[in-house]
Amino acid sequence: MADGNSETKSSNQMWGGRFASGPDAIMEEINASIGFDKKLYAQDIRGSIAHATMLAHQGIISADDKDKIVHGLNTILSEIESGAFEFSRRLEDIHMNIEARLATLIGPAAGRLHTARSRNDQVALDFRLWVKEELQRTEKALTALIAAFLDRAEEHADTVMPGFTHLQTAQPVTFGHHCMAYVEMFGRDRSRVRHAIEHMDESPIGAAALAGTGFPIDRHMTAKALGFAGPTRNSIDTVSDRDFALEFLSMASITATHLSRLAEEIVIWSTPQFGFIRLSDAFSTGSSIMPQKKNPDAAELVRAKTGRINGSLIALLTVMKGLPLAYSKDMQEDKEQVFDSAESLELAIAAMTGMVRDMTIRSDRMKAAAGSGYSTATDLADWLVREAGLPFRDAHHVTGRAVALAEQKGCDLADLSLADLQSIHADITEKVFDVLTVEASVASRTSFGGTAPNEVRKQIAWWRARN
């Protein structure tokens, strides 16, 4: 005799153990967003208070109902922040969780809060507020990182180190100048943050589902109350738009790329082969088997998080690329990428700021390396142009012969004798040795934005006035 439960068991096996109750469980699992959008609770409550206040001001709801709503929402805010609030997956998202609790607290007045709005413009507002606040935190974090580099640059405006192209020794520079390169990079990142805030500084609330509302609302009032420059100008675009999230992720990806380049240099510089810097124990770990090791794990993890942040940008671009106007449920997939990237970026900037402030600069190792690889060869070529009147291409050829002779003798250019150099070109004089030291090379680079210590100090002063 067949088992009377065989059909049910077969159905349950089809859905799998996790979804034992069948399609309803799957729909709840795929539809619910409360697991991550509860992060928006403060923005949701703030937006609802502004909306309720505007509704009362416009005579759409009574002042008494508004007072009950505001009191109830503040109670919910306290419950969430104290950990007493119980989030329910059955209620799908943060909006419905708060609304249901509000109804329990204040009764029928809670139902008036959703007048003249939709979850479409509500979530657009919450998310936009959250991203704006995160951008403001990012701006402060980048300002602190820039300040750390300015301090190190000022401290080491005269510290000579090798400059690289292709990771090969190219010309001597100062460590202060190298630090200021990162000030420029992170300064551009901060500009992108500021532009992103400017671009998104419009309030979505009042766009409703997609067409606006027939109620006599005042969108300028809610925009002002929520700290926006004004309301959005097209209701369809308002609920469709996630450019602000994409712009945040784009900024995060570029900033993370800069952090990763810096992390790579820290990893290289801290090796025994370079030995340019020493990281403190606070940003290093030991090896489980090799007692001599000191691993730059913090820098390596900053480098790795770049891939994670870049992946989030590509993920959201892919979500948005085929969506028709206006709102589609696909857009529920916008938040986790932004939340994760914001957390990763905030941690990476903080870690890098700590490393820059904390690391020990080994000036002696930098200076010893600065003269390697015939790094003053370009100075010899420039001298031949200035003092001997050679065309630069001829001077380049003469210098190449001098480098070849130094390689043959196993010495640096500055260690060649005057006779050696005159055997290559008769117009070379004793004065050439004034430009063949790394200190002289660095001091000569006085063009605007160059590595000469005085020029570096000018750039530091310019940035300090603006940081």
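Report, ordered by the first and then the second residue, all pairs with beta carbons closer than 8 Å, sequence separation of six or more or different chains, a first member in segment 142-153 that is closer than 15 Å to Ala461 by Cα, and a second member that is among the aromatic types (Phe, Trp, Tyr).
The qualifying pairs are Ile146/Phe186; Ile146/Trp463; Phe149/Tyr182; Phe149/Phe186; Leu150/Trp463; Arg152/Phe175; Ala153/Phe175.
If I filter segment 294-314 for residues that are within 29 Å of Phe175 (Cβ to Cβ), at pLDDT 95 or above and hydroxyl-bearing (Ser, Thr, Tyr), do I get at least one hit?
yes
For segment 196-219, indicate whether the set of residues that are in contact with a strand residue (DSSP E or B) (Cβ under 8 Å, 6 or more places away or on another chain), at positive phi and touching a residue at least 60 places away in the same chain (Cβ under 8 Å) is non-empty.
Yes, that holds for at least one residue.
Checking the condition of a type in the set (D, E, K, R) and in contact with an Asp or Glu (Cβ under 9 Å, 6 or more places away or on another chain), which residue from Arg188, Arg192, Arg219 passes?
Details: Arg188 fails: in contact with an Asp or Glu (Cβ under 9 Å, 6 or more places away or on another chain); Arg219 fails: in contact with an Asp or Glu (Cβ under 9 Å, 6 or more places away or on another chain).
None of the other options fit; the residue is Arg192.
Could you please give the count of residues in segment 225-255 that are among the β-branched types (Val, Ile, Thr) and in contact with a Leu (Cβ under 9 Å, 6 or more places away or on another chain)? Step through it out loud before you land on a result.
Within segment 225-255, the first condition is being among the β-branched types (Val, Ile, Thr), and the residues that meet it are 232, 236, 238-239, 254-255.
Narrowing further to those that are in contact with a Leu (Cβ under 9 Å, 6 or more places away or on another chain): 236, 238-239, 255.
Adding up the residues that qualify gives 4.
Quick test of your reading of the structure: Asn310 fulfils all but one of (1) over 24 Å from Gln136 (Cβ atoms); (2) open to solvent by 50 Å² or more (accessible area, probe 1.4 Å). Name the failing condition by number.
It is condition (1) that Asn310 fails.
If only one of His114, His195, His177 is out of contact with any Leu (no Cβ under 8 Å at 6 or more places or on another chain), in a loop (DSSP other than H, G, I, E, B) and open to solvent by 20 Å² or more (accessible area, probe 1.4 Å), which one is it? Outline the logic, then answer.
Details: His195 fails: in a loop (DSSP other than H, G, I, E, B); His177 fails: in a loop (DSSP other than H, G, I, E, B).
So the residue among His114, His195, His177 that is out of contact with any Leu (no Cβ under 8 Å at 6 or more places or on another chain), in a loop (DSSP other than H, G, I, E, B) and open to solvent by 20 Å² or more (accessible area, probe 1.4 Å) is His114.
Please count how many residues of segment 198-233 are open to solvent by 50 Å² or more (accessible area, probe 1.4 Å) and in a strand (DSSP E or B).
Number of matching residues: 1.
The values are calculated or read from the model by the stated rules, or taken from the named source; none is laboratory data. All figures in this text were calculated on a predicted structure; none of them were measured in a lab. Reconstructed Cβ throughout: ideal geometry from the backbone, glycine too, with neighbour counts over all protein chains shown. To get the accessible areas, we keep the full protein, side chains included, count just its heavy atoms, and leave off ligands, DNA and RNA. Shrake-Rupley method; radii C 1.70, N 1.55, O 1.52, S 1.80 Å.
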